[in-house]
Amino acid sequence: MKWIKNHWDVLIELGKLRSIGYILRSGNKLEADISRIPKGFTVNNNSFDIENIKRKLGKCELEILNVLLDHFEDEYTKEELGEATPSKYSGTSGGFANALGRLNTLGLITRSNGKISLSEDTKELI
């Protein structure tokens, strides 16, 4: 049973790396795109600093993450979080929902009972 858990953990981590552009899928193969890896980046427990991650995010994703980083102990509804961003995104817009989805997929945020906050993993990076 432990192997299955570890197997899924590996797949999740590969998905995260793929989402932020560090590895590419080519047919049935995964390939590292070395040109996109920041200088000095290594794949180990200490390699994922918040600045490397932020460089791979889109504008909306970055604004959301910055609000949550500035208020890392707080929880927000979608509407509150959208209003707290510099661009004042609508919490009901599709683009905002997509940005939240990507941050959630990357494991940067947690969604629970209609509230959004930084994930415990992200808090460890700050």
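The values are calculated or read from the model by the stated rules, or taken from the named source; none is laboratory data. Not measured: the values here are computed from a predicted model. FYI the Cβ positions are ideal-geometry reconstructions off the backbone, even for glycines, and counts take in every protein chain you see.
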Residue pairs, Cβ under 6 Å, 6 or more apart or interchain, first in segment 76-90 and aliphatic (A, V, I, L, M), second at pLDDT 95 or above. List them.
L81/I116; A84/V67
When residues of segment 86-125 are filtered for being exposed (fewer than 15 other Cβ atoms within 10 Å of the Cβ) and in contact with a strand residue (DSSP E or B) (Cβ under 8 Å, 6 or more places away or on another chain), how many remain?
3
Just a yes or no: is a residue in segment 63-81 at pLDDT 75 or above, in a loop (DSSP other than H, G, I, E, B) and surrounded by 17 or more Cβ atoms within 10 Å (Cβ to Cβ)?
yes
With the first residue restricted to segment 100-121 and required to be under 22 Å from L17 (Cβ atoms), and the second required to be surrounded by fewer than 14 Cβ atoms within 10 Å (Cβ to Cβ) and at pLDDT 90 or above, Cβ contacts under 8 Å at 6 or more apart or on different chains are R102/G58; L118/F72
Can you find a residue that is modelled with pLDDT of 95 or more and either more than 17 Å from the chain's Cα centre (by Cα) or not aromatic (F, W, Y) (or both) anywhere in segment 100-108?
yes
Residue by residue through segment 82-126, note down the ones that are among the polar types (S, T, N, Q), closer than 15 Å to N66 by Cα and in a helix (DSSP H, G or I).
N104, T122
